[in-house]
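To start, the structure under review is shown below, and the notes come after it.
The values are calculated or read from the model by the stated rules, or taken from the named source; none is laboratory data. No experiment lies behind these values; they were computed from the predicted model shown. With ideal geometry, Cβ positions are generated from the backbone for all residues, glycine too; neighbour counts draw on all protein chains shown.
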Amino acid sequence: MRTKLINTFSYLLQFLLLWELVSYTQAYWIRDLSYCPRKREVTRQRQCFKSCFDDSDCQSRYRSCVCDYDCGMSCVKRGITCPFLTAPDHGNIIYSNGNRFGSRASHECETGYVLEGPKYRYCQGDMWWGPTNSIPYCAKEVFCNQPPEIINAVNDVPSTITTFHAGYSVKYTCLTGYVGNGTATSECTFLGQWTFSTLKCTPIDCGSPGILRNGFLSGERFDYPNMIAFFCNDGFELVGKDTTRACQENGLWSGAMPLCQKKACESPPIVSHGQIIQPDRTTNETVQYICEDGYQLQGSSILKCISSQWQPAAPMCEQITCDDPQTSFNGYIESSSHDNSSVYAIDSIVKFNCPSSLILRGSPISKCQFNRSWAPKIPKCEEPIPCLIPTLPSNAYYRTLRSDVQQIDDGAQLEYMCENSRYRRRIFCRQGKILPRQPKCFSDCQVESKKVMFSKKIYRHREKVYYTCKSHNLSLINNETIVCINGSLSLQPVCPQIETMCTVPHTLFLRNIANTTIPSGTSMEIGSSFSYTCIQDHQPINQSASVECLEDGKLSHHVNCVPKSCKEHPPMITNGRTIFHSTSHGSAARYRCFPGFKFENNNLVKLTCQFGLWLPKQLPKCLPIFCPNPGPLIYGRTYVVIRDERVSTLPIRSEFRSYIPTVSHGRTIEFECNSGYVLQGPNGLTCNHGRWMPAERPRCAIKNHVQPNIIFTG
């Protein structure tokens with residue numbers, strides 16, 4: 001019995017030990033091995049050993065169950081090593097645990113070089129370094145210049161970065177208000193160049209701002225950041241605070257749509273002695289007043305029609321007058337325009353007189369000027385002061401003077417003659433003083449020369465002498481001003497002999513010249529000439545092909561032939577205009593199509609003058625731009641708006657026919673729904689360079705009727 005109990009206890013103990021071992025093994029088997037999974041594709045690139053959970057799966061004391069990188073948990077031979085790696089040029093390798101299994105080899109490069117390939121490699125179970133067979137190397141570090149700029153875009157490069165090495169990537173972002181299309185990145189390549197970015201930032205389109213009835217808008221583009229202005233037709237005024245609207249960065253128009261309200265101002269007030277002109281004849285919004293001659297405007301000259309009233313108040317035209325000159329004159333005044341009042345109108349003329357005992361100092365007449373002053377200045381009446389008659393030089397005498405007269409009256413004059421001059425001279429008495437103070441006699445200059453021709457034979461003292469050379473073969477050396485000074489000239493004119501021959505230059509045949517009537521290096525007489533002809537497609541630099549030998553021994557112009565100019569202006573094109581500045585050889589003429597037209601071929605937009613012809617001979621064509629038929633409006637009608645001032649100053653609406661295939665540029669159509677329907681969307685579209693603006697299409701929806709609340713009872 002005792003032996004049986006011992007055996008039973010032994011079996012129970014073995015069972016408990018076995019149960020504990022099984023529990024421990026199961027706990028080990030269900031551990032998470034996701035940290036080291038085996039990749040299926042790696043088995044094609046390298047040798048992987050048997051997969052395992054623990055060392056017992058390897059069934060060998062020489063192998064251990066370890067993580068073999070991409071091969072996952074594998075049975076790897078213990079103590080294996082990998083061959084040492086060769087360090088790359090301009091770099092080195094640092095091992096974490098020598099060349100043993102699991103050691104990490106870190107590759108580093110010298111300054112000025114960058115590592116290409118994996119930085120880290122590990123010693124694997126197949127006794128080689130992995131996980132890839134790519135061998136890293138050190139490449140010369142390459143830099144790029146500043147990244148290229150894209151219109152209306154910015155890049156993400158911080159301001160602190162000034163150098164860009166190979167591999168650096170830049171991302172572009174469109175500015176606010178612009179939409180991007182294309183690749184937005186650019187990378188610095190190992191060639192030192194940036195890869196091409198196809199990003200294009202186009203402005204956001206705000207669409208048509210709407211139709212201004214009884215008015216029009218100025219501006220052809222409806223995209224950011226363009227602005228449009230609103231104007232009203234004649235007889236209407238703009239109502240609203242926003243006379244302009246701008247396409248904003250959010251794709252919406254700023255402000256609100258204004259209205260054109262009919263004006264209702266009466267005739268402008270009449271101003272006495274004034275006239276009304278209209279500086280703005282397109283809208284009749286303002287009038288301007290001007291005064292008649294002799295009147296001055298007091299107040300605002302321009303009135304505006306605001307809220308059916310002319311504002312500000314009408315001005316006045318006041319007469320321009322001068323003060324009475326009698327208040328500052330000590331004589332008496334005669335006036336033909338004075339009306340016995342104390343003021344004088346503009347252009348009034350007065351005459352001043354003095355008593356017989358006084359003498360007038362100043363102008364005897366004066367006129368009232370526009371600036372309210374008298375011109376000349378108002379004179380004065382003063383006591384006369386006589387002058388003693390001075391003694392003349394010995395060779396001079398007074399004319400018509402008695403010997404007993406010793407003085408002359410204030411304001412009088414005397415004439416005297418000098419024996420060596422035939423001209424009369426005068427002295428004047430002014431307030432007791434003789435002018436000039438000391439009478440003098442100066443000798444005249446008598447001139448005569450065989451080579452010099454003078455304008456006259458005798459010149460007075462300080463008179464300017466005019467002269468020229470008698471012969472065409474003579475030339476003036478000094479061309480200065482000569483004056484007669486007391487019988488002698490200030491400078492003697494000189495006319496030396498000049499050369500009488502011209503020499504044809506030796507470079508005559510080096511200027512596109514075909515032939516001449518005289519060989520180069522030949523001397524020719526003054527007055528003679530020769531002609532020359534140019535090679536094909538060339539013309540003389542001057543209009544004349546004849547060269548003359550001038551009196552100064554020089555040719556009339558340089559002999560030269562230049563390419564022919566185009567005799568006519570560049571040809572005109574239909575629906576376009578020509579822009580050119582010259583018709584000389586090499587000049588270009590560019591063409592531009594009128595709004596609503598485009599070129600048939602964008603490569604053919606200019607002509608060049610080449611040897612007298614505008615080439616190419618084929619002219620560009622401007623074809624009209626059309627918008628397609630917008631299609632019918634279900635439950636509604638479409639009208640086309642016609643603006644023709646020759647027919648009517650107001651727009652004319654005509655029903656749009658569905659069979660019309662296209663609509664021309666600038667034409668506007670409007671929509672209207674049938675009875676019982678309401679329009680949703682824009683009330684009109686405008687054809688703008690082949691596109692309908694706005695792009696949204698309207699539609700006619702049924703009006704919603706409110707149903708009454710009906711309560712059924714039963």
Some residue of the stretch 100-109 being at pLDDT 90 or above, of a type in the set (A, V, I, L, M, F, W, C) and assigned to a loop (DSSP other than H, G, I, E, B): yes
K456 being assigned to a loop (DSSP other than H, G, I, E, B) and either touching a Gly at 6+ places or on another chain (Cβ under 8 Å) or modelled with pLDDT under 80 (or both): no
Tally, over the stretch 210-242, of residues that are touching a Lys or Arg at 6+ places or on another chain (Cβ under 7 Å) and in contact (Cβ under 8 Å) with a residue 24 or more places away in the chain: 3
Residue in the stretch 659-677 that is modelled with pLDDT under 85 and of a type in the set (D, E) present: no
Single unsatisfied condition, I277 versus (1) more than 20 Å from F231 (Cβ to Cβ); (2) surrounded by fewer than 15 Cβ atoms within 10 Å (Cβ to Cβ); (3) at pLDDT 85 or above: (3)
Selected residue (criterion: nearest to C75 (Cα to Cα)) from residues of the stretch 101-147 that are basic (K, R) and under 60 Å from the mean Cα position of the chain (by Cα): K119
Exclusive hit being basic (K, R), in a strand (DSSP E or B) and under 30 Å from Q539 (Cα atoms), set R637, R590: R590
Flag if V239 is assigned by TED's automatic domain parsing to the domain that holds A153 and either out of contact with any His (no Cβ under 8 Å at 6 or more places or on another chain) or not aromatic (F, W, Y) (or both): no
Tally of residues being exposed (fewer than 15 other Cβ atoms within 10 Å of the Cβ), more than 23 Å from G215 (Cβ to Cβ) and under 30 Å from the mean Cα position of the chain (by Cα) across the stretch 250-274: 1
Residue that is surrounded by the most Cβ atoms within 10 Å (Cβ to Cβ) [pool: residues in the stretch 168-179 that are farther than 11 Å from I151 by Cα and either in contact with a Leu (Cβ under 8 Å, 6 or more places away or on another chain) or not aromatic (F, W, Y) (or both)]: V170
The stretch 697-710, subset exposed (fewer than 15 other Cβ atoms within 10 Å of the Cβ) and outside any loop (DSSP other than H, G, I, E, B), residue modelled with the lowest pLDDT: I702
Single match in I458, I365, I434 (criterion: without any contact (Cβ under 8 Å) to a residue 60 or more places away in the chain, buried (at least 16 other Cβ atoms within 10 Å of the Cβ) and touching a strand residue (DSSP E or B) at 6+ places or on another chain (Cβ under 9 Å)): I434
Candidate set: the stretch 184-223, residues that are in a loop (DSSP other than H, G, I, E, B) and over 31 Å from the mean Cα position of the chain (by Cα); chosen: the one surrounded by the fewest Cβ atoms within 10 Å (Cβ to Cβ): L191
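Condition check ((1) of a type outside the set (A, V, I, L, M); (2) surrounded by 15 or more Cβ atoms within 10 Å (Cβ to Cβ); (3) within 38 Å of the chain's Cα centre (by Cα)) across all residues:
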position	(1), (2), (3)
I634	no, no, no
T638	yes, yes, no
E655	yes, no, no
V663	no, yes, yes
P682	yes, yes, yes
A695	no, no, yes
Filter pass, G180 being in a loop (DSSP other than H, G, I, E, B) and touching a residue at least 24 places away in the same chain (Cβ under 8 Å): no
Candidate set from the stretch 131-163 (those that are modelled with pLDDT under 85 and assigned to a strand (DSSP E or B)); member that is nearest to L115 (Cα to Cα): A139
Among (1) assigned to a loop (DSSP other than H, G, I, E, B); (2) modelled with pLDDT of 60 or more; (3) of a type in the set (A, V, I, L, M, F, W, C) - the single one L33 does not satisfy: (2)
Residues of the stretch 372-412 classified as in contact with a strand residue (DSSP E or B) (Cβ under 7 Å, 6 or more places away or on another chain) and either hydrophobic (A, V, I, L, M, F, W, C) or within 20 Å of S356 (Cβ to Cβ) (or both), total: 21
Members of the stretch 50-66 found to be crowded, with 17+ Cβ neighbours inside 10 Å and of a type outside the set (G, A, S), listed by number: C52, C58, R63, C65, V66
